[in-house]
Amino acid sequence: MNKIFFTPGPSELYPTLKKHILRALELQIPSISHRGSAFAAISKKAKDGLRRLMHIPDSHRIYFISSGTEAMERVIENCVEKQSFHFVNGAFAKRFYQTAKELNKSPKMHEVPIGESFDMQKTPIPKSAELLCFTQNETSSGVAIPMEQIYALKRKNPKKLIALDVVSSAPYVTIDFKRIDVTFFSVQKGFGLPAGLGILIVSPKALAKARSLSEKLVSIGSYHSFLSLEATGVKEQTPETPNVLGLYLLGEVIADMLSVGIEKIRKETEKKATLLYDFFDKQKIYKPFVKDRRFRSQTVIVVQIPDGSKSIIEKLKKERIIIGSGYGEQKDTQIRISNFPANKLSDMKKLLSFFRNLHSNYN
Ligand SMILES: *Cc1c(COP(=O)(O)O)cnc(C)c1O
């Protein structure tokens, strides 16, 4: 019997994936040349599909890289000469900031306690910041930043570039790409695919910034700079031998998502999230970690388990249900539950009935 994964990355696979993997092997996809027309068609299908699914305008470029963590490095290298500014409310946002430090930039940040969000309008942003970085869905804490707040900040700072990490909220999150300069995610979370593929969506302004940095002889990296990705991307290629199988599977899964329809996927996500939050809001001990409803993630639900998450995780494992532990310092006192398109409502109900029984055993 199969296990059910509620882990926020790698995650439950998209239900049609097995069929597509078998088909890919029949078609000998892993052996085809990444410089030939068959690969170009795979690359185009994945990009066209992403444009339709996420409403990405033609003005923006789509580049294939290897992970979300790689994206952080690429974004800093290609969009920042000296200073980025980071809104930090958890481990992934901190990683983004740390990346800028390790690349010898002089990043600044505004940090809030884990589980809370920002009062953005009141946050002083240095004039010298070239790029504002947001982890829209902080997977370590279950806090999501409403897109409207980010747009409002962009209106106040029209000259600054905006970078958006949506690794654990894509494709659920609705993005007005005209107001965002670099968006990135990897595919092993919300897309239900194997890891090893990242997506970067780049505005004309961000691409121009990379070009101007390069002209000033600032290093923008080598194998995956925006310029090398652009030069090969226009030919539906990549600088290196890419994850051809991953790209094929991405194109196929997106086609399946398009036939369901993104609006339906979003509605179902919200329905499942409401089910989880309503349930845990009524519990005495196991409460949602994020108190302010405006900032609760719809795709990663974090629950407090003050008497220790280990035994619950183990008990669920015996039922063949795999959930995430807390992240970092919260490892033993929280659990994290993914709510991605591949997570079924019927499985969610199984998970909640486990907690219901647990509760009745206590009383
Ligand atoms: C998982 C995650 C990352 C890292 O992505 P990888 O593909 O594992 O490198 C970055 N940001 C967020 C918000 C994540 O959830």
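Would you pick out the residues in the stretch 209-268 that are loosely packed, with under 13 Cβ neighbours inside 10 Å and acidic (D, E)? Don't jump to the end; show me each part of the working.
Looking only at the stretch 209-268, we keep the residues that are loosely packed, with under 13 Cβ neighbours inside 10 Å, and these are 212, 215-217, 219, 222-223, 231, 234-235, 241, 259-261, 263-264, 267.
E215, E263 - these are the residues of the stretch 209-268 that are loosely packed, with under 13 Cβ neighbours inside 10 Å and acidic (D, E).
In the stretch 119-170, of all residues being small (G, A, S) and open to solvent by 10 Å² or more (accessible area, probe 1.4 Å), the one that is farthest from the ligand (Cβ to nearest atom) corresponds to S128. When you go through F64, F5 one by one, which is the residue that is among the aromatic types (F, W, Y), within 25 Å of A342 (Cα to Cα), more than 16 Å from the chain's Cα centre (by Cα) and within 16 Å of the ligand (Cβ to nearest atom)? The conditions single out F5. Scoring F185 on the criteria (1) of a type outside the set (D, E); (2) away from the ligand (no atom under 12 Å from the Cβ); (3) within 16 Å of S66 (Cα to Cα); (4) in contact with a strand residue (DSSP E or B) (Cβ under 6 Å, 6 or more places away or on another chain) leaves a single failure, condition (2). Evaluated against (1) in contact with a Gly (Cβ under 7 Å, 6 or more places away or on another chain); (2) within 30 Å of S214 (Cβ to Cβ), K47 falls short on exactly one condition, (1).
Would you check which residues across the stretch 273-309 are open to solvent by less than 10 Å² (accessible area, probe 1.4 Å), among the aliphatic types (A, V, I, L, M) and either modelled with pLDDT under 95 or within 16 Å of S353 (Cβ to Cβ) (or both) and list them? Quick ask: steps written out before the conclusion?
So in the stretch 273-309, the residues open to solvent by less than 10 Å² (accessible area, probe 1.4 Å) come out as 273, 276, 280, 288, 290, 297, 299-303, 305, 309.
Right, trim to among the aliphatic types (A, V, I, L, M) and you get 273, 276, 290, 300-303, 305.
Correct list: L276, V303.
Just so you know, in the stretch 48-80 the residues that are among the hydrophobic types (A, V, I, L, M, F, W, C) and assigned to a loop (DSSP other than H, G, I, E, B) include one that is nearest to R95 (Cα to Cα), and it is V80. E236 falls short of the stated requirement of being touching a residue at least 24 places away in the same chain (Cβ under 8 Å) and in contact with a strand residue (DSSP E or B) (Cβ under 8 Å, 6 or more places away or on another chain). Here Q98 clears all of (1) in contact (Cβ under 8 Å) with a residue 12 or more places away in the chain; (2) within 16 Å of the ligand (Cβ to nearest atom); (3) of a type in the set (S, T, N, Q) except the condition numbered (1).
Evaluate the following for H20: is it over 22 Å from Q188 (Cα atoms) and not charged (D, E, K, R)? Can you show your working first?
Values: over 22 Å from Q188 (Cα atoms): no; not charged (D, E, K, R): yes.
Criteria not met by H20.
Taken as a whole, the condition of being of a type in the set (K, R) and away from the ligand (no atom under 16 Å from the Cβ) does not apply to R74.
Answer yes or no: is there a residue in the stretch 83-97 that is closer than 28 Å to R336 by Cα, crowded, with 16+ Cβ neighbours inside 10 Å and among the charged types (D, E, K, R). Taking every residue of the stretch 83-97 in turn, at least one turns out to be closer than 28 Å to R336 by Cα, crowded, with 16+ Cβ neighbours inside 10 Å and among the charged types (D, E, K, R).
Of all residues in the stretch 192-216, those that are within 16 Å of the ligand (Cβ to nearest atom) and either of a type in the set (V, I, T) or in contact with a strand residue (DSSP E or B) (Cβ under 8 Å, 6 or more places away or on another chain) (or both) total 6.
The values are calculated or read from the model by the stated rules, or taken from the named source; none is laboratory data. Treat the numbers as computed from the prediction; the structure is a model and nothing was measured. Please note: Cβ atoms are built from the backbone with ideal geometry, for glycine as well, and neighbour counts cover all protein chains shown. Accessible surface areas use protein heavy atoms only, side chains included; no ligands, DNA or RNA. Shrake-Rupley method; radii C 1.70, N 1.55, O 1.52, S 1.80 Å.
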